[in-house]
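Participant: Right, I'll just put the structure down here and ask away after.
The values are calculated or read from the model by the stated rules, or taken from the named source; none is laboratory data. In this text, all values refer to a predicted model and were calculated from it rather than measured experimentally. Surface accessibility is based on the protein's heavy atoms, side chains included, excluding ligands, DNA and RNA. Shrake-Rupley method; radii C 1.70, N 1.55, O 1.52, S 1.80 Å.
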Amino acid sequence: MDAKLAAVQAQIAQSKKRESALSAQIGSLTTSIHTLESKVGDVSNRLAALQSDIALHRRRLSKL
């Protein structure tokens, strides 16, 4: 009975270590995702500004 209890406790300890490692990995990936989301937002804003500039230049060209 003591051997079974020790084996279960060892499994629990191993599971907790794995949980901790996965939590750290998830945290790191979450940070990376937030960074990428921010970059996508910046690029989207820049694209919108460029598209606006292009539209303005096209209107000016069409008047010529």
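Participant: Given the Cα atoms of the chain, and with Rh set as the inverse mean 1/r over their pairs in the Kirkwood sense, what is Rg to Rh to two decimals?
Facilitator: Values: Rg = 27.5 Å, Rh = 16.6 Å.
That ratio is 1.65, to two decimals.
Participant: Out of SER23, SER32, SER52, any idea which swings most in a Gaussian network model of the chain, alpha carbons joined below 10 Å?
Facilitator: Comparing SER23, SER32, SER52 in the GNM, the peak value goes to SER52.
Participant: Applying the Karplus parametrisation 6.51 cos²θ - 1.76 cosθ + 1.60 with θ = phi - 60° to the phi angles of region 36-49, what ³J(HN,Hα) value in whole Hz is obtained for each residue in order, glycine and proline being reported as x?
Facilitator: Result, ordered by residue: 5, 4, 5, 5, 4, x, 4, 5, 4, 5, 5, 4, 4, 5 Hz.
Participant: Can you compute the helix-only [θ] at 222 nm over the chain? Use -39500 (n - 2.57) per DSSP H run of at least 4 residues, normalise by all residues, nearest 500 deg cm²/dmol.
Facilitator: Working: 1 runs with 62 residues, N = 64.
Rounded to the nearest 500, the figure is -36500 deg cm²/dmol.
Participant: Now, a different point. Using a probe of 1.4 angstrom, how much of the accessible area of the chain is carbon and sulfur, in percent? Working shown, then result.
Facilitator: Numbers: 3630 of 6010 Å².
The nonpolar share, carbon plus sulfur, comes to 60 percent.
Participant: Once phi is turned into ³J(HN,Hα) by the Karplus curve 6.51 cos²θ - 1.76 cosθ + 1.60 with θ = phi - 60°, what whole-Hz value does each residue of region 57-64 show in order, with x for glycine and proline?
Facilitator: 5, 5, 4, 5, 5, 5, 6, 6
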